[in-house]
Amino acid sequence: MNTGHEVHEGHDAPPNAPPAMAADMAHDMGHSGEDMSAMVRDMRNRFWICLFFTIPIFIYAPMGGVFTPPTPPFGVRLGLWLFFLASAAVLYPSWPFFVSAWRQLRKGVLGMSALIVLSVGTGYLFSVGSTFFFEAGGQFFEAVSVLLVFILLGHWLEMRARAGASSAIKALMNLTPTMAAVLRNGVEVQVPTAEVVAGEIVVIRPGNKIPVDGTIESGDSLVDESMLTGESMPVQKNPGSTVIGATINKSGSFRYKATKVGADSALAQIVKLVQQAQSSKAPAQLLADKAAQWLVIAAIVIGLATFAVWFWWIGQPLLFAVTMTITVFVIACPDALGLATPMAVMVGTGLGATHGILFKNAAALEDATKLNVIVFDKTGTLTVGQPEVVDLVLADNVSEDALLIAAAAVEQGSDHPLAQAIVRRAAKLSVTAPTGFQSLDGMGARAETIGGTVFLGNRLLMDTQKFSLGALEADATRLQGDGRTVVHVAQAGRVIGLIAIADAIRPTATATVARLREQKIEVVMLTGDNAATAKRIAADLGIDIVLADVLPAQKAEKVKALQSNGKKVGMVGDGVNDAPALTQADVGFAIGAGTDVAMESADVVLMKSDPYDIVAAIELSRATLRKMRQNLWWAVGYNTIAFPLAAGVLYPFVLSPEVAALSMSGSTLVVAINALLLKRTKLTPT
């Protein structure tokens, strides 16, 4: 609520505090180090205390002579009894508003707290004066207390909505296990996760949650990383693989060396990113902040003018004029305007986090809606970044299984990337160990298998061994022309097939390009690969613009050249060698598990390494911006209508402070609910 200018200035606000008056009040209420749930509980308690004392005030108040109130207990005078009840209902529950208003005024800011103080404080002090010092024709302790009930209810509901929007952060923070098994002096001991030291060996068994980040030393397993990356399939982990704290070990046991603990862990960095995004300001919010401040000033001016007109010009009683003035102050509280954009930003960034899309700031969330060119780095972004078998060409009377078994038998002991690609493709087949293995430098390898001697390698090896490709000649030429690496396989004296290996396209890459083009966004592929390979992949994906043979140092210049045409350019890279280009782009998207370079260089981090998340990020940004605009229009429209009604232009129909407070709270609730509807946005392919 409010303009938000006062929130993170002059005090240590909670790291996850919302960018509005709620955060400022949280500090005043002693929650500077606590989470949003503590703020919600405190505001809830203040609301119930106020309501508890307001009910008897309502019962005992004369209510303008409508009915005769009961006699106060203990023989206390009615006015004094109402004073005691009202003081209990007002002073403690409203205290954060008074402190916040004072701190705002010291900074030269007239915020929403000032309006609450004027409305509640004026009504309370006027009634106190009427009770003890002068006869003004009545007092309205009941109006002030009921007004404060509605104000506190609105704040409580707002804080609950904010807490709900921050549920993604809470879920992430609660993922880490409380205890970890580590080796100390050669003995396995259980220690609190917070006490694990970088360099220690951590022991993980099936079903364990991984406590901190690290690198596997021994053992292997499948690890479920879905809670951080959104990837549903478990990931194979072997010695040398990295593991992330809070993920779940599914099958085997392993030991790993802790590398990042505490605030340095990937989980902590992700939480920090989401918190920064939720507390940052979008460009649209800066406009709303200025409008809200002017609205507060206008409310004070109109409120004082209302008093002057009704009391001095029209000649209404003092009590009536004060009531109308208070009504203007209350109904003009810019809750809805101050909440319009930050609430949408909180929900949008929270929803993105649950889908593995992390916005570093609200400006990136808004800027992503303006992109009309998306530049993809090829390797590791549109492709998986490692060689895969992409095609098999068979000789007559040879099956795929026979070709793969022969090739895998030769390659199963090799750690060469091409060999590993063949072994992975044949993983489900029964492959026997070869005998008499021989590496043939520059050409391939030879081995004895059950089916006969196998020669596996390049075209030179086939020519050296005088094997004719026969009908496979044209296929070999075609595959090489497409930029694929061709592995020739001969067994028992003849060529039995060709295995084409290339950097495989990611499963969702084609759908990503198609969807972006549907949205009238131009797609460009940027790569250091040769033109033949780049054009082949681009053709498979449906990309028309290809920038090939580009060195890492030249990528930023290519992005800058696209921007020189007045286009808004988004750059998608792996966050390692693409850092300059990510920084140069209007919005940089780092695809991958959130490396340090990605965190520093990109505006958005896509945890799942799924290119379709680019589409999801843009659609989420557009949906969030729509909610911002809807909320702003609602807030402006509400205040445009509310001012004249509160000032009494429809007299004798006038609004009471209680009705004004209810209207103000209702307007705020509409904005909060509209923002929460963002959670219904679909971010996955249909």
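Observations on the model:
- Residue check, residue 182 under 25 Å from residue 299 (Cα atoms), of a type in the set (Val, Ile, Thr) and at pLDDT 75 or above: no
- Evaluated against (1) surrounded by fewer than 21 Cβ atoms within 10 Å (Cβ to Cβ); (2) in contact with a Pro (Cβ under 8 Å, 6 or more places away or on another chain), residue 635 falls short on exactly one condition, (1).
- Inter-residue pairs, beta-carbon under 7 Å, first in a loop (DSSP other than H, G, I, E, B) and in the stretch 216-233, second aromatic (Phe, Trp, Tyr) and modelled with pLDDT of 85 or more, 6+ apart: 220/254
- Within the stretch 341-382, tally of residues that are part of a helix (DSSP H, G or I) and either open to solvent by 10 Å² or more (accessible area, probe 1.4 Å) or modelled with pLDDT under 80 (or both): 14
To keep it simple, each residue is scored yes or no on (1) within 19 Å of residue 178 (Cβ to Cβ); (2) crowded, with 22+ Cβ neighbours inside 10 Å; (3) over 23 Å from the mean Cα position of the chain (by Cα); (4) modelled with pLDDT of 90 or more.
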| residue | (1), (2), (3), (4) |
| --- | --- |
| 217 | no, no, yes, yes |
| 222 | no, no, yes, no |
| 231 | no, no, no, no |
| 251 | no, no, yes, no |
| 255 | no, no, yes, yes |
| 258 | yes, yes, yes, yes |
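- Evaluation of residue 277 against (1) open to solvent by 10 Å² or more (accessible area, probe 1.4 Å); (2) among the aliphatic types (A, V, I, L, M); (3) modelled with pLDDT under 85; (4) touching a strand residue (DSSP E or B) at 6+ places or on another chain (Cβ under 6 Å) (one fails), failing number: (1)
- Of the residues making up the stretch 325-337, one or more are more than 30 Å from residue 455 (Cα to Cα), outside any strand (DSSP E or B) and among the aromatic types (Phe, Trp, Tyr).
- For residue 608, the conditions (1) more than 16 Å from the chain's Cα centre (by Cα); (2) at pLDDT below 85 all hold with the exception of (1).
- Scan of the stretch 533-546 for residues that are in a loop (DSSP other than H, G, I, E, B) and either more than 22 Å from residue 567 (Cα to Cα) or open to solvent by less than 50 Å² (accessible area, probe 1.4 Å) (or both), ordered by number: 542, 543
- Restricting attention to the stretch 454-484, the residues that are of a type in the set (Asp, Glu), over 20 Å from residue 531 (Cβ atoms) and under 53 Å from the mean Cα position of the chain (by Cα) add up to 2.
- Filtered residue count, the stretch 517-532, keeping only those that are surrounded by 14 or more Cβ atoms within 10 Å (Cβ to Cβ), charged (D, E, K, R), touching a residue at least 60 places away in the same chain (Cβ under 8 Å) and not in a strand (DSSP E or B): 1
- Search result, residues across the stretch 489-510 that are more than 43 Å from the chain's Cα centre (by Cα) and touching a residue at least 40 places away in the same chain (Cβ under 8 Å): 489, 491, 492, 493, 494, 495, 496, 497, 498
- Residue count for the stretch 453-493, restricted to those that are among the small types (Gly, Ala, Ser) and open to solvent by 40 Å² or more (accessible area, probe 1.4 Å): 7
- Residue list for the stretch 438-452, filter: crowded, with 18+ Cβ neighbours inside 10 Å and either of a type in the set (Asp, Glu) or at negative phi (or both): 443, 445, 446, 447, 449
- For the stretch 409-442, the set of residues classified as over 43 Å from the mean Cα position of the chain (by Cα), of a type in the set (D, E, K, R) and over 18 Å from residue 453 (Cβ atoms) consists of 441 only.
- Just one of (1) at pLDDT below 85; (2) open to solvent by 60 Å² or more (accessible area, probe 1.4 Å); (3) not basic (Lys, Arg) fails for residue 385. It is (2).
- The stretch 638-686: number of residues that are open to solvent by 50 Å² or more (accessible area, probe 1.4 Å), farther than 16 Å from residue 303 by Cα and not in a loop (DSSP other than H, G, I, E, B): 9
The values are calculated or read from the model by the stated rules, or taken from the named source; none is laboratory data. Owing to the predicted nature of the structure, the values given are computational and were not obtained by experimental measurement. Using ideal geometry, Cβ is built from the backbone for each residue, glycine included, and neighbour counts are taken over all protein chains shown. Keep in mind that these areas ignore ligands, DNA and RNA; they rest on the heavy atoms of the full protein, side chains included. Shrake-Rupley method; radii C 1.70, N 1.55, O 1.52, S 1.80 Å.
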